[in-house]
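The values are calculated or read from the model by the stated rules, or taken from the named source; none is laboratory data. Owing to the predicted nature of the structure, the values given are computational and were not obtained by experimental measurement. Here the Cβ positions follow ideal geometry from the backbone for every residue, glycine too, while neighbour counts run over all protein chains shown. Each accessible area value is taken on the protein alone, full model and side chains, heavy atoms only, with ligands, DNA and RNA left out. Shrake-Rupley method; radii C 1.70, N 1.55, O 1.52, S 1.80 Å.
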Amino acid sequence: MTFEQMRIFLEAAHFGSFTHAAERLGLTQSAISVSIKKLEEKHDVSLFDRSGRRLVLTEAGQVLLNEAERILRDVDLTIRRVESRRPAGQSAMVACTANAYDFWMPELLAHVDPTFPVQMDLVRGTVDEVTAWVMRGTADVGVTCVMPSHPQFRQVGVFADRMILCGVRERARQVPDAVKWTELTEQAPVLWEQTDLTPALVAAFAAHRVDASRLAHPRLKLSSSMAVISALQGGRYIGLVPERAAKPLLASGGLVRIGLFEVPLRYWMFGLRDRDIDPLVAQVARAARAVADSSARSHLAEQM
């Protein structure tokens, strides 16, 4: 299976159409069809159910989709690493999990000392991908809210967030003011992002003797904070989201906080033990303090 075949398959899978895949890739529809057919014949599987108007992935197709996306992300990251390589010590590839990438690191890098000689390039991945990239040396450091436990890593806490319970105002009014953790099941389903944030949430549920399975939506499993926030705005659900991700909507009244529920999230920067990550850690931690101080001053000014 070639990388080109993987890319053709992914386009067809994402759009559910050979025609759209052909338009995206600048190929003919017959070229797309032949490429997929060769894959299916070579491995003796059907990747798509073609019985309807739209292509639907088979079980084998879903397996290939997951693996092809991972493989091509690795390849693209490696190519980016090679093409952007600067003299030693002048650049660092920083691999981040979703919330660190989406809501923290871009702003923090804007607060890094402009005289700092190392340029930090950000890439986004799952916690497993970030860990693998750092382990292989594809990325210089990783940033995640899951503390790496591998003995080859050294990790340092750099900033913190917290998960809070939110909903639109109308839905929030349906929740008793003094609701307790053990009473949350009466408000189920409760949404949350099911990624690297899940361990912290599950630990909090266990500490408060709450059965997470009784809270979770039976079918709706969301993989980003923005997806959770979007679902909350529909008004049917309440959910636990990182405060930083919800901050704009909390400020505008699009969401309101419910109760005093909070789950601490600490973000770690980590790298292989034989690499000196201290200069990067110091810059990110200093930037995080500057951002926190700026937010505190803004909040104080709003109250005056």
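Computed quantities for the displayed model
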quantity	calculated
Filter result (part of a loop (DSSP other than H, G, I, E, B) and more than 28 Å from SER230 (Cα to Cα)) within region 148-182	PRO148, SER149, HIS150, PRO151, GLN152
Verdict on ARG244 being within 21 Å of MET105 (Cα to Cα), open to solvent by 30 Å² or more (accessible area, probe 1.4 Å) and touching a helix residue (DSSP H, G or I) at 6+ places or on another chain (Cβ under 6 Å)	yes
Members of region 190-223 that are under 22 Å from the mean Cα position of the chain (by Cα), surrounded by 13 or more Cβ atoms within 10 Å (Cβ to Cβ) and over 25 Å from VAL130 (Cβ atoms)	VAL190, LEU215, HIS217, LEU220
Residue match in region 5-18 (condition: modelled with pLDDT under 85, touching a helix residue (DSSP H, G or I) at 6+ places or on another chain (Cβ under 8 Å) and more than 24 Å from VAL75 (Cα to Cα))	no
Verdict on ASP121 being at pLDDT below 90, open to solvent by 20 Å² or more (accessible area, probe 1.4 Å), in a strand (DSSP E or B) and farther than 22 Å from SER223 by Cβ	yes
Test: residue in region 170-182 that is surrounded by 13 or more Cβ atoms within 10 Å (Cβ to Cβ) and of a type in the set (S, T, N, Q)	no
Pairs where the first residue, in region 261-287, is under 14 Å from MET93 (Cβ atoms) and the second is of a type in the set (Val, Ile, Thr) and open to solvent by 80 Å² or more (accessible area, probe 1.4 Å), C-beta under 9 Å, 6+ apart	none
Criterion violated by THR185 - all others in (1) open to solvent by 30 Å² or more (accessible area, probe 1.4 Å); (2) in a strand (DSSP E or B); (3) farther than 20 Å from THR97 by Cβ satisfied	(2)
